[in-house]
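Okay, structure first, notes after.
Nothing in this text is a laboratory measurement; each read-out follows from the coordinates by a stated rule. This structure is a prediction, so every number in the text was calculated from the model and none was measured.
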Amino acid sequence: GGFYEVVQSFPQVEENVQVDSHINSHRWKRHSEFLKSVDTNRASMGQDSSEPGGFTDLLLEEGHDNATQIEEDTDHNYYTSRTYGPYDSTSRDLWVNIDQMEKDKVKIHGILSNTHRQAARVNLSFDFPFYGHFLREITVATGGFIYTGEVVHRMLTATQYIAPLMANFDPSVSRNSTVRYFDNGTALVVQWDHVHLQDNYNLGSFTFQATLLNDGRIIFGYKEIPVSVTQISSTNHPVKVGLSDAFVVVHRIQQIPNVRRRTIYEYHRVELQMSKITNLSAVEMIPLPTCLQFNSCGPCVTAQIGFNCSWCSKLQRCSSGFDRHRQDWVDSGCPEESKDKICEKNVEEMETPPYSTTTSQPTTTRFRVLTTTRASTTSHLPTSLPTEDDTKIALHLKDNGASTDDSAAEKKGGTLHAGLIVGILILVLVVAAAILVTVYMYHHPTSAASLFFIERRPSRWPAMKFRRGSGHPAYAEVEPVGEKEGFIVSEQC
C-alpha cells in the first residue's frame with residue numbers, strides 16, 4: 001500500500017479515506033496531425049558555476065563506448081520525454097550539484113530526513129506549469145516523489161505525482177539519508193540523498209533528484225542507482241517512474257446529510273521505462289501545448305495542437321474537457337456549448353503559434369479513480385490495504401461529463417430554495433408596509449390616506465366631539481354627538 005502521513009502543519013488534510021475500485025478504458029481523442037513544440041536547449045539552472053559537478057566520485061566503467069546515447073523522443077500527449085544514457089555529457093549537464101549552491105537557499109527538511117512515509121508541503125517562488133495548470137506549492141514525500149494535487153489525502157501514491165523514482169524509501173534507517181530542496185527563483189530542485197529501501201536495506205543507497213523549471217520542463221537526474229529499478233519490490237509500496245495528473249469531482253450523497261464524495265479521476269499518466277534508469281542517466285520531459293494556453297475563442301477552436309479544444313463563453317476558458325477544472329466545465333454546461341464551435345462576431349483572432357508539425361497515432365488512456373468520502377462525523381479507514389497501485393480504473397466516466405446527475409439535482413434544489421426565500425422576503429415587506437401605513441394613519445387622522453379610508457368605511461361611524469384638555473394635541477378623548485352626512489361633527493375643533 002501507499003499510505004502516507006502528512007506533516008501536522010499541513011492544512012485541510014483528508015485524514016480518513018475510502019477507496020472505490022472500478023475499471024474502464026477510454027480512448028483519448030487526438031487529431032491525426034498536430035503541432036507540438038520541442039525545445040532542444042539544455043536545462044539552465046541559473047547558476048554562475050560552469051561545472052556541473054556531482055559525478056567526480058563516480059567513474060565510468062572501462063570498455064564501454066563513450067559515444068552519445070540519446071533515446072528517441074517519446075510523445076506522451078502532454079509531454080515529450082528524452083532519455084540520456086550514462087555516457088552522454090548532457091546527463092551531467094542536467095544534474096544539479098546542490099553542494100555547490102548557496103548554503104542559505106538549500107533546505108534540509110528535518111522531518112522528511114528522519115521519518116518513513118511522511119510528506120510535507122513546499123512553497124514555490126515561481127509559477128510552475130504542470131499539465132497546463134500553474135502550481136505555487138507542492139508536497140514532497142519520502143518515497144521518492146512529489147505530490148501535486150490540491151486535495152491532500154493519505155493515498156498520495158495513487159495519482160497527481162512527479163516521480164523520479166517512487167519506491168519504499170526510508171530516510172530514518174541511515175544517518176546519511178536526507179531530503180533536500182533548493183529554489184533559486186526559476187527552478188526547484190528536490191533531491192533524495194543516500195536513501196535506502198525500508199524493506200531491503202542491503203541493496204545500497206540511492207541518490208536522485210527532480211528539477212522543476214518555470215518553463216514547465218521536468219528533469220529527472222540519477223547519481224546512484226545501485227540495482228536495476230525493475231528489481232525493486234512493489235509488494236509494500238508502488239514503484240513508479242513518470243508523471244500523473246487527475247481532476248476531482250465532488251458528489252453530494254442525498255441519503256446522508258453533510259456528506260460529500262470526492263472522486264479523483266486520473267486522466268493522463270506518463271510511464272517511463274524503468275530499465276533506462278541507471279547510474280548517471282537523466283530524463284528530460286518537455287511540455288507540449290494544451291488548450292488552457294488560449295485566452296480567446298478564435299485561437300482556441302482553430303488550434304491544431306493535438307487536442308479537441310473548445311471554448312466556453314460562460315467560463316471564458318479554452319479546454320479539451322479533461323483537466324483539473326473538469327467539474328466547473330460540466331456544471332457550467334460547457335460540453336453542450338462546445339458542440340457549436342462558432343465564435344461570436346468581431347472576435348479578434350490570434351495567429352496559431354509556430355509549432356513544428358509532426359504526426360502521431362491515437363493512444364489509449366485509462367482513467368484511474370480514487371474516491372474519498374468526507375463527512376461531519378469521523379469515518380473509518382478500509383480494513384484491508386489497497387493493491388499495488390492503491391486504486392483501480394474508473395468505470396462510470398463518460399465523455400460528456402463525470403456523473404452530472406448529482407449536479408443537475410443540486411441546481412434544481414438550489415432554484416427551489418431561491419424561489420422560497422424570495423417569496424418570504426416579499427411577504428415580510430408587505431406586512432411591514434401595512435404596519436407602517438396603519439401607524440401613520442393612527443397618528444395623522446386628517447391626512448389624505450386617513451380620509452380616503454374613512455370615506456370608504458363599510459358602515460357610518462358615530463359623530464365625535466373633541467374634548468379640550470384630553471392630553472393629546474390632535475386626536476384626544478371624544479364622545480359621540482350625532483351624525484350628519486357622514487362627516488364628523490364636534491362642538492369645537
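The table below lists the values:
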{"read-out": "In sequence order, calculated HN-Hα J values of the stretch 325-340 (Karplus, 6.51, -1.76, 1.60; Hz; x Gly/Pro)", "value": "9, 4, 5, 4, 4, 6, 4, 8, x, 5, x, 6, 5, 5, 5, 9"}
{"read-out": "Cα point-scatterer Debye curve for the stretch 74-288, base-10 log of I(q)/I(0) at q = 0.08, 0.10, 0.11 Å⁻¹", "value": "-0.27, -0.42, -0.51"}
{"read-out": "The stretch 148-210: proportion of alpha-carbon pairs further apart than 18 angstrom, %", "value": "46"}
{"read-out": "Cα Rg, Dmax (largest Cα-Cα span) when computed across the stretch 81-156, Å", "value": "15.2, 41"}
{"read-out": "Set Lys103/Lys276; Lys240/Lys314; Lys240/Lys339; Lys107/Lys223 screened for pairs whose C-alpha atoms are more than 28 Å apart", "value": "Lys103/Lys276; Lys240/Lys314; Lys240/Lys339"}
{"read-out": "5 Å binning of all Cα-Cα separations within the stretch 204-263, expressed as whole percents from 0 upward", "value": "4, 11, 14, 15, 12, 11, 10, 9, 7, 5, 2"}
